[in-house]
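The numbers here are math on the coordinates, done by the rules we state, and not lab data. In this text, all values refer to a predicted model and were calculated from it rather than measured experimentally. Glycine also receives a Cβ, built like all others from the backbone with ideal geometry; neighbour counts cover every protein chain displayed.
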Amino acid sequence: MDQVTFRSDTVLSDVHLLLPNACHLMKRLNGVGQPVFTSKFRILRDYNGKDSSCDSPVHENSDASNIQWDEDGDLDVVRRPRYPTCNRDAVCPVILSQSAVTLTDQNEDSEEEDGARDIIRIEHTMATSLEDVGKQIWRGAFLLADFILAQASMFKAATVLELGAGTGLTSIVMAMVAKTVYCTDVGEDLLNMCQRNVTLNKQHFEPQDADLEFCWTDAEVADLHDNTTVLIAADVCYDDDLTDALFRILYRLSSNMRHPSTSYISIEKRLNFTLRHMDVACEAYDHFRHCLNQLQQMTDGKMNFTVEPVKISFSQFFQYERVDQLELWKVTAERL
């Protein structure tokens, strides 16, 4: 293995950089001083998530019959191969440098070379403070994007609202199949990044320029009320206060929409050791499940909510590790 040297101007990430010795110099910083990258994600049109030779398979729950033991009676753990045998292109960041070349120019120049119809470019950071986690790309976004592409016919001609869009990855994927997508989040810096990502991927759809930047027009509010039938949210339940706010807004929106709505929420259970429990726990996930149960049991005489998990057996279109801790939930709302 080559010697790895850590320097103050170097970022290493085993999530986005699949080559163990690859390093990239920081070329540009965002508003909070973090390096900004553009990653190219290839849509794997022919990948069904069942190829055991790949390094990012769809994990299924194991049962007792699949447990292997060695000759000494110890549990034989099957490890992921160190060197993947897939021929798929690795996902790696492309450095954005401060130069006269704009993002649009970079996109147009490399569109033909990279097979642009199968490439999604996302500007993002690799590490942030808690306040700016939306500038990173999380596995929950990939899971929801997989579901959208796997069920493309379900969303055809739909009007969709995403809550907490972050970098805009799932909204961009949804815009490839849906009629209209409203991509929302909080913070001008984050929304600027999201807007740049929409521009980077305009070959996949026809983006519309708003008359007022990051503001709702009366026509858009009316369209949202009259036509929205799908809401999506990817990995936004990592804080109890944010989770409470999410479910409050889900209730407000669904109770004011003209048509019944369906929400799809992806989440990753993140286990941590807590002093309060003196054990490994996932308090954010536990609170999320508590909110789901409260929503389903609500009896206010106005709305009826049905909550059910979505089986993670659909095809995988992006290269990431679909771990067992990833979940997708479906919430159906109907007015009584």
Mind giving me the nanometre distance, one decimal, between the label points for N192 and D286, set 7 Å out from Cα along Cα→Cβ? 4.1
Modelling each spin label as a point 7 Å along the Cα-to-Cβ direction, I'd like the E71/K179 distance in nm, to one decimal. 6.7
Extended-chain gain in nm, criterion 0.36 nm per residue less alpha-carbon gap, K311 and N293: 4.6 nm
If packing is taken as the average number of other Cβ atoms within 10 Å across a peptide's residues, how do 180-190, 294-304, 219-229 rank, most packed first? 180-190, 219-229, 294-304
Roughly how many Å is it from the Cα centre of segment 173-198 to that of segment 138-160, as a whole number? 14
If a/c stays under 1.5 just call it rounded; otherwise compare a/b with b/c (prolate if a/b is bigger, oblate if not). Do that for segment 244-319, with a ≥ b ≥ c from the square roots of the Cα gyration tensor eigenvalues. oblate
Length released on extending from N227 to K269, taking residue separation times 0.36 nm less the Cα-Cα span: 11.8 nm
For segment 146-216, what ratio Rg/Rh do Cα atoms give with a Kirkwood hydrodynamic radius? 0.95
Holding the Cα-Cα limit at 23 Å, pick out from K156/K302; K179/K202; K179/K302; K40/K135 the pairs that are longer than that. K156/K302; K179/K302
To the nearest 0.05, what FRET efficiency results for W216 and E334 with a Förster distance of 22 Å applied to their C-beta separation? 0.30
Row for segment 156-280, column shape: gyration tensor on C-alpha, a ≥ b ≥ c, rounded if a/c < 1.5 i.e. under 1.5, prolate if a/b over b/c, else oblate; value prolate
At 0.36 nm per residue, and after removing the present C-alpha to C-alpha distance, how many nm does the segment from K302 to Q151 gain when stretched out fully? 51.4 nm
